[in-house]
Each structure stands twice: as C-alpha cells, then as structure tokens.
Amino acid sequence: MTKSKSLFLLFLRICIGWHLLYEGLDKLFTPGWSAAGYLRGSYGFLSGLFHSLAVHPDVLRVVDFINIWGLILIGTGLFLGLFIRVSAASGLVLLAMYYLAYPPFGSAAFSLNQEGHYWIINRNFIECISLGVVYFFPVMDYSLMNLFKQYRLKVKEETVPKSEMTTNDTFKRRELIKGLISLPFYGGVIYSSAKAVSMARPDASTGATTALKTHNLGDLKGTLPKGKIGNKEFSRLIMGCNLIGGYSHSRDLSYVSSLFRHYNTERKIFETWGLAEQSGINTTNLTVEMYPFFNRYKKSTGSNMNSIAQILVNGLSSTNPDKLVNFKKAVDQGATSIYIQGVNGDFLVKANRLDLIQDALDYVKGQGLLAGVGAHSIEVCIACDKAGMKPDYYFKTMHHDHYWSASPREFRTEFGLNHKVSDDHNSIHDNIWDFFPEKTVDFFSKSEVPLIGFKVMAAGAISPKVGFKYAFENGADFICVGMFDFQVIEDVNIAIETLSGVLNRKRPWFA
C-alpha cells in the first residue's frame, strides 16, 4: 500500500473515531439521557423490535449502557488505533442498527426524517461503508497503539548500548514519539465533550435520540391533572400554537410576529415541546401546516404528545368542491382530534351554513376521532346547540374584559373578528376575543359539552394566575395557552396550584 493511501485511511479512521467518541461522551455527560425516545419513534420493518426495547425499564438500561459505552469504546479504539478490526466491526454493527431503526427508504422516509431528506444513502450508511474499509485496511501508523508495542523497545534501550541498536529500533523510537503527539489531541476531545453539556442542544444525534436541552424540573410543584374526552386523556393545560408558529395577537405592534419567528427556531420549538411533555403537558394545539414539522419532532424524540388540530372548512367561494379537504389532510397527518377553527366557526354561523359544520363533525367522527367546534362568538355555540348538534367539545375563547386594551363594550358586536380592522381606537383591533364574557359563562353553565377555553389571557393582557382561575372557575374543563419555553414550568405550576386550590366553580367537570 502506498504511503498516500495509508495516510488517507489513517485520516478516515481517526475522523470516524473522533465522531463516535464525541457522541458517546456527549451522551455520558448529558443528565438523564436515554435511548427511549429514539426507540419509540422507530419506523420500518424492524420497528417492532426497537419499540419492544423501550418498553421494559431493565432492558432499556442495558440498551442505554451499550449505546453510551459502545460509542465511547469504539470511538477510542478507532481514534487511538486500539484493536482496530474489533472496533471497526463493532462500530459497523452499531451504526447498522441506527440505520435500520430509521431506514431512509419506504413511504415514511419521505415525510419524516430526522436529519433531512435522504433516499437509501445517509450518514450512518456512509460511515458503515467507511468502517468496512477500515476493517480490511487497519492502518495503525502514528497511533498510540505503538505505545504498547514500544514497551519492549524502551526496555531494550535501557539495557542495550546505543551502538548496538539496529536501524529498525531507531525507526520504532521515532514512531513512539509520533504516537505521543496525539495525547493532547485525545484529551481535547474529552474536554470539549464535557464542556458541550452546558451548551444548547441538540448536539450529537447519530446514536439514539436527539438530545434536547435539560431544564430544572425540580421546580415543578406537583403533577398536572388530566381529564378525559371520550376515550382520550388530555392534560388540563394544553399548549397553544400561535407563539411557536410565529403568530402574535400584538394589537398594533407589527414587529412582534417577526420577533416570535426569530426566537422560535426549529430547535427551540423542539425544546419547548419536550419541556412541556416533561412538565406534564401531553397535548398541543396545531394548524394543519404544522403537522410535518410536529411529526418530525415526534419521530426524532419518540414523543407521544397528542395534537388537537384547528382546521378551516374550505372557503365557500373556493373553486375546490371538497369543503373538507383540510380535514382530510389533518387525518392523514395523524391528528388526535380535530375542531373547526374559531374564526371559521364564526364565519359559517354568520353565513347560516350550519350544514357545513355538521358535515365536518360527521366526517371527523367517522374517522374515529374526537370532533369539536371552535368559536369566538358565543352565538356559534348557541346556534349549534339549537340545531341539535353533538360536538365532542367546544373550543371557545374565554377571558374577562377588565383590561386596558379591551374595546369599549358599547362598540362591540358579535362576530367582531370578521370585521375589517379599523384605525378607530374604539373598534376591535386584535385586542379582544370573548366579546361578551357573561354570555359565555351563562351558556356553559347550562351545557354538558366539555369546554376547552382559549385566549384565557387575552393574548397577554391578563396575567396567567388571573386568567387560569377565571377560566376554570367559570366552566372550562381544559385551557389552551400559548407559551415560550421559559414560561412552561411557571404556567404548569400556576395550573397545578389553581386546580388544587379552592375554586368557586359551579359547573360540574364534564371531562
């Protein structure tokens, strides 16, 4: 083998070793790291095997141990040139398992992929091939493996006069020196891996799971209660989607939506969902456009989070005759439940198209999913009730109007959000969503349909403590709240304290 080829193979082995070693150390230094999410999110023809490994805690502990120390030992062997063929073969097997857990072929590979969109060839595949090359051409020059081989040489140097040393002995001594040069480099790997723990995640993701940022869950003040609608159990606090989707009800502050979008990067949203789940929130609200992104999160982390989709009946003026096309998309994307979006519900009732609301409910229920009706105006709920409709729940705005930016009562009208935005300070301008709060409270005091209250803080005008208590006391069975990552634990604690405290609630819990 030529010297240039030897150097190339040496470089290839060291690079793969560095990568695997770093990922192993990254997982070792990440508190609470586990392969459970990666295993639960597996798809493909071997997914049953991977899912079964995540079910039993004892088996999972063994899998975690093998992942962490397998990567560390294999990476060390390749990086330092120790037991190269054993390390290469072991690494090839481990990477092949990662590859088969999320195979980049089949229908699932197109819509959901952890690191992008690949077909057959991905990073794990390339490293497997590279390790095959390393196995058949185990170049060891300039590696610390020579330290072990040079032990005899050192003894010989101490006992044999220099004049009697052969040319080959001198060459071996030079190799020993070259091997020692890599020691500081190896120490740098360990130092940088440990330091990375304090930095933002995700970082390494080849082996078992995208690592998300760790938060102090010790600040939680209990367990977030849950309730049931039909056969589905939802946390009493549901995560809203406006903030993570980059949409803000910011009155006339036009820059805020852009600010949200810049803050909530893909990694940040993943971290926010992950923290919400760890804190007890098991359900999020989504639009149909968010599902590919949400499903990528679920697949890469193994999340079991429920989703309630807010969907619009296709516009009455649309040329597409299928008015439920968006509902079908939500079903295909795996929504747990679907409801008619609030403004859309207002529009349909105002246009006297209750038939389309009924069609949507029938379709969703026909798919075996929970079906709801969303509304800003209480007239939507009143109209549905009079028509004898039986939604599984209402998704209704619910907040008081005692805050500075609320439109004056005398200028409010039902279906106000369908009006053109005006510069008149007395008109509704993205600043109120439950136009007549007492009507909402009165209707639900007589209704037995579960209620999910949203906009309970009037898009930031009301504090969480006040908004949560108002909604739960006045009949909400669940509340849907938009929150940033730094607000999650605080909001969960407020919900726990509110629900465990004394509530002046007259309406029975219907979920």
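If the requirement is being assigned to a loop (DSSP other than H, G, I, E, B), touching a Gly at 6+ places or on another chain (Cβ under 9 Å) and surrounded by 23 or more Cβ atoms within 10 Å (Cβ to Cβ), which of these qualifies: VAL456, VAL492? Reasoning before the result, please.
Values: VAL492 fails: assigned to a loop (DSSP other than H, G, I, E, B).
Only one candidate qualifies: VAL456.
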> Among the residues of the range 240-285, how many are touching a Pro at 6+ places or on another chain (Cβ under 9 Å) and of a type in the set (Phe, Trp, Tyr)?
Replying inline: 1
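With respect to GLY345, determine if the residue is surrounded by fewer than 19 Cβ atoms within 10 Å (Cβ to Cβ) and in the same structural domain as TYR291 (by TED's automatic domain parsing). Break it down into steps so the answer makes sense when it comes.
Numbers: surrounded by fewer than 19 Cβ atoms within 10 Å (Cβ to Cβ): no; in the same structural domain as TYR291 (by TED's automatic domain parsing): yes.
Judged against the criteria, GLY345 is not a match.
Specify the residue that is surrounded by the most Cβ atoms within 10 Å (Cβ to Cβ); the eligible residues are those in the range 228-256 that are over 23 Å from the mean Cα position of the chain (by Cα) and outside any loop (DSSP other than H, G, I, E, B). Even if it seems obvious, please write down each step before you answer.
Filtering the range 228-256 down to residues over 23 Å from the mean Cα position of the chain (by Cα) leaves 228-231, 249-256.
Going one step further and asking which of them are outside any loop (DSSP other than H, G, I, E, B), we end up with 228-229, 256.
Details: LYS228: 12, ILE229: 20, VAL256: 16.
Here the answer is ILE229.
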>> Condition first: assigned to a helix (DSSP H, G or I) and within 17 Å of LYS328 (Cβ to Cβ). Now tell me which residues in the range 359-393 satisfy that.
In response: ASP359, ALA360, LEU361, ASP362, TYR363, VAL364, LYS365, GLY366
> Which of the residues spanning the range 22-45 are acidic (Asp, Glu) and over 20 Å from LEU100 (Cβ atoms)?
Replying inline: ASP26
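Quick one: in the range 311-342, which of the residues that are of a type in the set (Lys, Arg) and either without any contact (Cβ under 8 Å) to a residue 40 or more places away in the chain or not assigned by TED's automatic domain parsing to the domain that holds ASN295 (or both) is farthest from TYR393 (Cα to Cα)?
Within the range 311-342, the first condition is being of a type in the set (Lys, Arg), and the residues that meet it are 323, 328-329.
If we keep only those that are either without any contact (Cβ under 8 Å) to a residue 40 or more places away in the chain or not assigned by TED's automatic domain parsing to the domain that holds ASN295 (or both) too, we end up with 323, 328.
Details: LYS323: 21, LYS328: 20 Å.
For the range 311-342, the residue satisfying everything is LYS323.
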> Residues in the range 1-50 that are in contact with a helix residue (DSSP H, G or I) (Cβ under 6 Å, 6 or more places away or on another chain), more than 14 Å from LEU131 (Cα to Cα) and either among the acidic types (Asp, Glu) or not in a loop (DSSP other than H, G, I, E, B) (or both): how many?
Replying inline: 13
> So, of the residues in the range 53-69 that are β-branched (Val, Ile, Thr) and at pLDDT below 90, which turns out to be farthest from the chain's Cα centre (by Cα)?
Replying inline: VAL59
> Does at least one position in the range 432-452 carry a residue that is surrounded by 19 or more Cβ atoms within 10 Å (Cβ to Cβ), touching a Pro at 6+ places or on another chain (Cβ under 7 Å), of a type outside the set (Phe, Trp, Tyr) and over 30 Å from PHE260 (Cα atoms)?
Replying inline: yes
> What residue, among those in the range 259-301 that are among the aliphatic types (A, V, I, L, M) and in contact with a helix residue (DSSP H, G or I) (Cβ under 8 Å, 6 or more places away or on another chain), is farthest from LEU217 (Cα to Cα)?
Replying inline: VAL288
>> Which residue is nearest to GLY475 (Cα to Cα), if the candidates are limited to the range 378-428 and must be of a type in the set (Gly, Ala, Ser) and modelled with pLDDT of 95 or more?
In response: ALA383
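Matching residues to (1) touching a Phe, Trp or Tyr at 6+ places or on another chain (Cβ under 7 Å); (2) modelled with pLDDT under 95; (3) surrounded by fewer than 20 Cβ atoms within 10 Å (Cβ to Cβ); (4) closer than 24 Å to SER235 by Cα:
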position	(1), (2), (3), (4)
ILE281	no, no, no, yes
ASN285	no, no, no, yes
ASN295	no, yes, yes, yes
ILE311	yes, no, no, yes
ASP322	no, yes, yes, no
TYR339	yes, no, no, yes
ALA360	yes, no, no, no
HIS376	yes, no, no, yes
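The values are calculated or read from the model by the stated rules, or taken from the named source; none is laboratory data. A quick note: this is a predicted structure, and the numbers were derived from the prediction, not measured. No Cβ is skipped: glycine too gets one built from the backbone with ideal geometry, and neighbour counts run over all protein chains shown.
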